[in-house]
Amino acid sequence: MLPRIKIQFLNGQLGTVGESADGLLGLICGAVAVAATFVLNKAYTITSMDDFAELGITEENNATIYKVVKEFYDEAGAGTKLVIYGVAPATTMTNICDYTKTAAGFARDLITSQNGKLRGVVVAGVNTASSAASTNGLDPDVFTALPKAQQLAEWATTELYAPIFIVLEGRKYDASKELKDLSEEEYNRVAVLIGDTETESDGACVGTLAGRIAVSPVQRNVGRVKSGSLHPTEMYIGAKKVEEAGSVITSIYDKGYIVPRQYVGKSGYFLADDQMACVITDDYAHLTYRRTIDKAYRIAYLTLLDMLLDELEVNEDGTLETAVIKDCQQSVEDAINRQMTANGELSSTDDGEGCKCYIDEKQNVLATSKILVTLKVRPYGYGRYIDVNLGFLVTNS
C-alpha cells in the first residue's frame, strides 16, 4: 500500500437530538367513514389540511372532526403532525378511555398503534346520542370518563414507558347547573376544556387548545400572554361571548377547568392557565409541569435502559463501585441537560445544570439486583398573581 494520510469523519460528537415529538397529539373524535379513504377505528397521521382533505373528509360529510382539525391547524399551522382516529359518534367517552378495552375503536388501540410516540390524547365529538341531563354542568359522561382517562394515562406510563396526558372535551356545558369542582379531584394526567368558537355549542374548542399545545415547548403555559392571542375571532361560554362572561369564567377556572378569557388592553382571546383535574397542591396540577416531568421520564428511561442486565463492577460488600455510580449519574444528567436544559425547558443554575441525579452508594446491588435512582429536575415558576404597589414618587421634606 502506498504511503498516505487518511482522515475519518467522527459522528455523534455534537449530541444533537432529532426533531422533537413533544407536541405529537392523538385526536379521537366522533366521525363517519368516507368510502375507503377514511375508515373508523384506524389511525391516520396528517401534517396539514391538505393531508386531511386527501382522506375525503369535508365539512359537509364530517362537520365535527372537520371543525376540530381545522381549528387545530388554524392554531398550530401546516407542518404540525397530528394523529387522527375516528370513532362512532355514539361511543361514550368513558368507554373510549377504559384501558381494559383493547379492541379497535378505543384509546388504548390508538396509543399502542403509535408505539409510544404520542405525548397526549384529545377526546371530542363523542356520546352525541346521549340525552342525559347535565346535572353537574356537563354531560355526565365527562365525569365518569375522568377516572378512566387517569387510569389509561397511568397504564401507558407504567406499561409502555410512554407517559401521556389526556384532554377531555367539556361537552354540553349548562350554565344553569352547579359545575362539578375538579380542583378537589386527583386526576393529574387529565384536563377538561370548557368554551367553544360557536355559541350554545355542545362541544368545546379542543382543536384550538390542542394546536396551542402542539407548538408550545413542554415548559410553556398554553395561556402565556407573550405567545399571542388564540386564532379564533369569537369565543363563547355557552350562549355568552367570552367578553361578557367574566364572572362565569372565574367560577369555571376556580373549579379546575381550562377555559378561554380576555385581558383588558389586549385584543383577542387567551387560555386562562393550564389546570389539570386535581388539587392545586399536586406537583403536577398544571399541564406545564406534567409535560416537563414526562419528558424527563422518557429521557431517563432511554438513558438508563443501557444499564439493564449489564455487567456492573461491585465492591466486596456488593455495592456499586464509585466510578460506575458517577458514570450513571453523569449520563442521566447530561442527557436531560442536553435535551431539555439547553433548550430552555428547565430552569438552570449558572453552570447550565437543570437536574440532579443521585444514586446511594450504600445499596447492595449484588444481593438485591436493584438500583434506586433519585432524579429531580428544576421547573420554571409562573407568575399567576402579580401584585403592584403603585403611588406617587415624591420627596416629603
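The values are calculated or read from the model by the stated rules, or taken from the named source; none is laboratory data. The shown structure was predicted, so the numbers you read here are calculated from the model rather than taken from an experiment. All Cβ positions, even for glycine, are placed from backbone atoms using ideal geometry, and neighbour counts span all protein chains on display. Heads up: the accessible areas ignore ligands, DNA and RNA and are worked out on the full protein's heavy atoms, side chains in. Shrake-Rupley method; radii C 1.70, N 1.55, O 1.52, S 1.80 Å.
Exactly one of (1) closer than 30 Å to Val192 by Cα; (2) open to solvent by 10 Å² or more (accessible area, probe 1.4 Å) is unmet by Asn315. Its number?
Every listed condition holds for Asn315 apart from (1).
Go through the range 360-379 residue by residue and tally those that are touching a Lys or Arg at 6+ places or on another chain (Cβ under 9 Å) and either open to solvent by 80 Å² or more (accessible area, probe 1.4 Å) or β-branched (Val, Ile, Thr) (or both).
Qualifying residue count, the range 360-379: 4.
Residue by residue through the range 151-173, note down the ones that are more than 24 Å from Arg298 (Cα to Cα) and either part of a loop (DSSP other than H, G, I, E, B) or without any contact (Cβ under 8 Å) to a residue 12 or more places away in the chain (or both).
Correct list: Gly170, Arg171, Lys172, Tyr173.
Filter the range 351-378 down to the residues that are touching a Gly at 6+ places or on another chain (Cβ under 9 Å) and in a loop (DSSP other than H, G, I, E, B), then identify the one that is nearest to Thr322 (Cα to Cα).
Gln363
How many of the residues in the range 166-200 are at pLDDT below 95 and touching a strand residue (DSSP E or B) at 6+ places or on another chain (Cβ under 8 Å)?
Here the count works out to 2.
Looking only at the range 280-306, which residues are over 18 Å from the mean Cα position of the chain (by Cα), surrounded by fewer than 17 Cβ atoms within 10 Å (Cβ to Cβ) and aliphatic (A, V, I, L, M)?
Correct list: Leu302, Leu305.
Does Glu333 satisfy the condition of being over 25 Å from Val225 (Cα atoms), open to solvent by 70 Å² or more (accessible area, probe 1.4 Å) and among the charged types (D, E, K, R)?
No.
Mind checking which residues of the range 316-334 are in a helix (DSSP H, G or I) and either in contact with a strand residue (DSSP E or B) (Cβ under 9 Å, 6 or more places away or on another chain) or not small (Gly, Ala, Ser) (or both)?
Result: Thr322, Val324, Ile325, Lys326, Asp327, Cys328, Gln329, Gln330, Ser331, Val332, Glu333, Asp334.
Residue-by-condition table, conditions (1) in contact (Cβ under 8 Å) with a residue 60 or more places away in the chain; (2) of a type in the set (Val, Ile, Thr); (3) open to solvent by 20 Å² or more (accessible area, probe 1.4 Å):
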position: Gly195; (1), (2), (3): yes, no, no
position: Ile237; (1), (2), (3): yes, yes, no
position: Val242; (1), (2), (3): no, yes, no
position: Ile249; (1), (2), (3): no, yes, no
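From the list Val222, Val192, Val264, pick out the single residue that is under 23 Å from the mean Cα position of the chain (by Cα), among the β-branched types (Val, Ile, Thr) and assigned to a loop (DSSP other than H, G, I, E, B). Write out each step before concluding.
Working: Val192 fails: assigned to a loop (DSSP other than H, G, I, E, B); Val264 fails: under 23 Å from the mean Cα position of the chain (by Cα).
Going through Val222, Val192, Val264 in turn, just one is under 23 Å from the mean Cα position of the chain (by Cα), among the β-branched types (Val, Ile, Thr) and assigned to a loop (DSSP other than H, G, I, E, B): Val222.
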